[in-house]
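Any read-out appearing in this document is the output of simple, stated calculations on the displayed coordinates, not a laboratory observation. Quick caveat: nothing in here was measured; it's all calculated off a predicted structure. Glycine also receives a Cβ, built like all others from the backbone with ideal geometry; neighbour counts cover every protein chain displayed.
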Amino acid sequence: MVQIRIHGRGGQGVVTAAELIAIAAFIDGKQAQAFPFFGVERTGAPIESYVRIDNKPIKTREQIYQPDILIVLDPTLLSNSSLLRGAGPKTKIIINTAKDKFSLKLKLPKANICTIDATKIALDILRKNIVNTVILGAMAKFIGLISLDSLKKAIKEKFSDKGEELIAKNIKAAEEAYQQIAGAS
């Protein structure tokens, strides 16, 4: 089983990111579950969301305490000492930041860290600082747990009521991140 913990702030698409990963995993023929964890829901408050993916039915429902993958949508959360709780030497982390992985002072092997300026891509393409589909494009390339094709299908499914223009922009943002990771990691 692969366990993913997503960190961000209210309004950044943390819960939607988890749902998109789960939908993409289902499309890829896997079992998945996604669920959020937050206190008082408000814009800007720290939020966590969780995803589990496996080839067999998933029975556990608790929070994820030892993630295989960490996704950080808001780089200001890196200063929170609990962000890396439960992370081990094999944990992979994808961070939305303009900094490169060598300048970050994280106690993880540098080969397991992927950084991408998802904010820049989101602002350029979506014209909003909602980075979830961008960071998932990076995840598809860096981790390979979900395919870019299944992510695009998940975006179409999840945003089907939002209109073709929004769907196309989110797919373009995910593709741009996927391409940027090609030589960066």
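The C-alpha atoms of region 1-82 occupy a region whose extents along the principal axes are 35, 22, 21 Å, arranged from largest to smallest.
Here is the link list: Lys99/Lys120; Lys107/Lys152; Lys120/Lys152; Lys30/Lys158. Which ones come out longer than 22 Å on Cα distance? Those over the limit are Lys107/Lys152. Each listed q (0.09, 0.15 Å⁻¹) maps to a log10 I(q)/I(0) for region 7-147, found by the Debye formula over equal Cα scatterers with no solvent: -0.25, -0.73.
Note on the chain: with a GNM built from Cα contacts shorter than 10 Å, the maximum mean-square fluctuation among Phe142, Phe102, Phe26 falls on Phe102. For the pair region 120-146 and region 1-53, the centres of their Cα atoms are 14 angstrom apart.
Here the spin labels are modelled as points 7 Å beyond Cα on the Cα-Cβ line, and at Arg127 and Arg85 they lie 4.0 nm apart.
Explain nothing, just the number: dipole magnitude of the chain about its Cα centre with +1 on each Lys and Arg Cβ and -1 on each Asp and Glu Cβ, in debye rounded to the nearest 20.
On the way: 27 positive and 18 negative charges, 94 e Å.
Using only the charged Cβ atoms, the result is roughly 460 debye.
Across q = 0.12, 0.18, 0.19, 0.26 Å⁻¹, region 85-134 modelled as identical point scatterers on its alpha-carbon atoms has Debye log10 I(q)/I(0) values of -0.31, -0.61, -0.65, -0.91, in the order of the q list.
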